[in-house]
Amino acid sequence: MKVDSDLTREFRNFLLEKGADLVGFGSVNRLEGAPEIMRPQRYLPDVVSMISIGLHINESVCDLIRRSIVTRRRPPSYHSFQMFTLGIINPQLDMLAYLGAKFLEDRGYRAYPFHANIPHILKPTKEYPGGLGDISHKHVAVACGLGDIGWYNLLITPKYGVRQKLTAIVTNAPLEADPILERKMCNPEVCGFKCAFACPTNPIPRSIEKEGVN
């Protein structure tokens, strides 16, 4: 399949002009190892390309929580982070996904936009106790060259670290894939497992500092 470099460039510029902070393109073949239930072909059988779109989370909102970790005090407001991500950023991502899919369909292609946060199936399953997502946005982002998944299972990008939210589009448009990021963005043994202590929800056991990586 011959890729369309002009369409790729035009599409990237369109998404950036509409407010995206991160845009990456990748071949669907890069997700061949994904679980069957999360493969893009479920939504678009003739998919050939993926688009990852990211929005930067406001630095001051993240820093409010970071200061509480440094001072070991309860953050003045965790709600502000939830408000910005769930109430403001996710709807913006949904609009970018819609506009991006519309851009491609207006040019004769098929494109499926994913929701940034809410999957079609909300019911937890045995394999996915937290609920099944339609697709893994962070794995799409890696396949599109935006970043690397850290030890604590979040996407890290060279530009924003972990301070971004993501969505994705899949399409049959022959877009030119970006190179995969080769540098490793996370080495917990070097940083001392700081991620285990940085999150106020304590999702990682604090004993990890003594136990290290299993």
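The values are calculated or read from the model by the stated rules, or taken from the named source; none is laboratory data. If you're wondering where the values come from, they're calculated on a predicted model, not measured in any experiment. Cβ atoms come from the backbone with ideal geometry, glycine included; neighbour counts cover every protein chain shown. Only protein heavy atoms, including side chains, enter the accessible area calculation; ligands, DNA and RNA are left aside. Shrake-Rupley method; radii C 1.70, N 1.55, O 1.52, S 1.80 Å.
Quick notes on this one:
- Total formal charge among the other residues, if their Cβ is under 13 angstrom from that of R42, Lys/Arg +1 and Asp/Glu -1: -2
- Under 17 Å from the E59 label point (7 Å along Cα→beta-carbon), backbone N, segment 154-172: 157-165
- Each label was represented as a point 7 Å from its Cα along the Cα-to-Cβ direction; for Q82 and K126 these points are 3.2 nm apart.
- Solvent-accessible ranking of K138, K126, largest area first, probe 1.4 Å: K126, K138
- Protection proxy ranking for 155-163, 102-110, using the average of other Cβ atoms within 10 Å per residue and placing the highest first: 155-163, 102-110.
- When the square roots of the Cα gyration tensor eigenvalues are ordered a ≥ b ≥ c, the ratio a/c for segment 1-73 is 1.5 or more and a/b does not exceed b/c, which makes its shape oblate.
- Counting protein heavy atoms only, segment 1-67 has 47 percent of its accessible area on carbon and sulfur, 1.4 angstrom probe.
- Neighbour net charge for I180 - beta-carbon separation under 15 angstrom, K R +1, D E -1: -1
- Ranked by how many other beta carbons lie within 10 Å on average, peptides 50-63, 86-99 from highest: 50-63, 86-99
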